[in-house]
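Structure first, commentary second.
The values are calculated or read from the model by the stated rules, or taken from the named source; none is laboratory data. Quantities reported herein were computed from a predicted structural model and do not represent experimental measurements. Reconstructed Cβ throughout: ideal geometry from the backbone, glycine too, with neighbour counts over all protein chains shown.
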Amino acid sequence: MFHSARIKLTVWYLLIIMTVSMAFSAIIYGFTDREVHRFSTMQRQRIQERLESDEFFFGDRPRVMPRIMEVSDEELITEVQSRTLISLGIVNGIILLVSGGLGYFLAGKTLRPIGQMMYEQNRFISDASHELKTPLTSLKSAFEVFLRDKKPKLDDAQELIQESLLDVNRLQHLSESLLSLAQFEKPHDPHIMTKVDLKKSIESTIKKVRVLAQKKKIKIISELDDLSTVADQYSLPEIWMILLDNAIKYSPENSTIMVTLKKSGNYAEVHISDQGIGIAKKDSEHIFDRFYRADSARSKQKGNGFGLGLAIAKKILEHHSGSISAENNSPKGTTFIVKLPIKKV
């Protein structure tokens, strides 16, 4: 599909370029033809005047020179017209070949973002459908099995409801994540930017996840400088929540998570380090893609999560002109590095 679209776009490029080129060629030809005629007429008049002057006129000899000159001028004009047409034809041929190659190249460059967008959209729909299919299939199967029982028990019904609520919660979490991701992919910014105390924002998020950390006996240590910036005060905590939640999920019991906030040039840098499973080299380029989960993460979490958290964090940071990256610690674990530009009100 994109190959045929590229060919069509190239043809349109050529049509526009050659129309302009032929129009200029017609103007150049007309101008050259007019100038040659004007020059020929002026030369004829100048020679005629000299022949009629006393300097060149001797007796009553026949004046055949003007007629010979007129014939010569017509031959010269015809030759100039022919050479001009040939030259313009060669130039337009070169323009056709060069613009054809450049047009094909530019058509590819123009369509590449569209193709990438369509690929991402199709992949997004496919992945979202797959993630939605799993809890829906589980719900359907559980209800069908329960309805086949001719004498259902109250305990079985309660157990079914509890299991179904887990799937419903997963569906709710997925829908909320998709909405959050779509919100930050909008071309226009609907959010209000205000002054945000980064230290307080991170400390508040750490308090919220401390209960989850305590269940695994994970210690969270923070070293935070007093830094502020202009940002969306509601979306920034979502970044810290995503990164801290991942750090707790993938860290072993009795480990430590280190959170630091410091100034680096015109940026505020947040480092969140864990002692968890780390990131395989083959996964490092894809961890911020939507619905991407490393094999180690899949096996450890047994299907929990949808691989949207880091994609959402990246979109929020792009929205704030910031960035996020990850690197493996030595001997184990991962450090996520968040960079936010420091802006003043």
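Here are some notes:
- Test: residue in the stretch 198-208 that is free of Cβ contacts under 8 Å to residues at least 40 places away in the same chain and surrounded by 19 or more Cβ atoms within 10 Å (Cβ to Cβ): yes
One line per residue, one yes/no per condition, for (1) at pLDDT 85 or above; (2) touching a Ser or Thr at 6+ places or on another chain (Cβ under 8 Å):
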| position | (1), (2) |
| --- | --- |
| PHE291 | no, no |
| ALA294 | no, no |
| GLN301 | no, no |
| GLY309 | no, yes |
| ILE316 | yes, yes |
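- Exactly one residue out of GLU75, GLU70 is at pLDDT below 85, surrounded by fewer than 11 Cβ atoms within 10 Å (Cβ to Cβ) and not assigned by TED's automatic domain parsing to the domain that holds ASP289, and it is GLU75.
- Selected residue (only one of ILE220, ILE202 is at pLDDT 90 or above, closer than 18 Å to VAL259 by Cα, among the β-branched types (Val, Ile, Thr) and not in a helix (DSSP H, G or I)): ILE220
- Of all residues in the stretch 315-336 being closer than 17 Å to TYR250 by Cβ and hydrophobic (A, V, I, L, M, F, W, C), the one that is nearest to the chain's Cα centre (by Cα): ILE324
- Screening LEU96 on (1) modelled with pLDDT under 85; (2) of a type outside the set (S, T, N, Q); (3) part of a helix (DSSP H, G or I); (4) touching a helix residue (DSSP H, G or I) at 6+ places or on another chain (Cβ under 8 Å) shows it passes everything except condition (1).
Yes/no matrix, rows are residues, columns are (1) assigned to a helix (DSSP H, G or I); (2) modelled with pLDDT of 75 or more; (3) within 31 Å of the chain's Cα centre (by Cα):
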position	(1), (2), (3)
LYS133	yes, no, yes
GLN158	yes, yes, no
HIS173	yes, no, yes
LYS186	no, no, yes
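- A count restricted to the stretch 227-264 and to residues that are out of contact with any helix residue (DSSP H, G or I) (no Cβ under 8 Å at 6 or more places or on another chain), assigned to a loop (DSSP other than H, G, I, E, B) and under 19 Å from ALA311 (Cα atoms) stands at 1.
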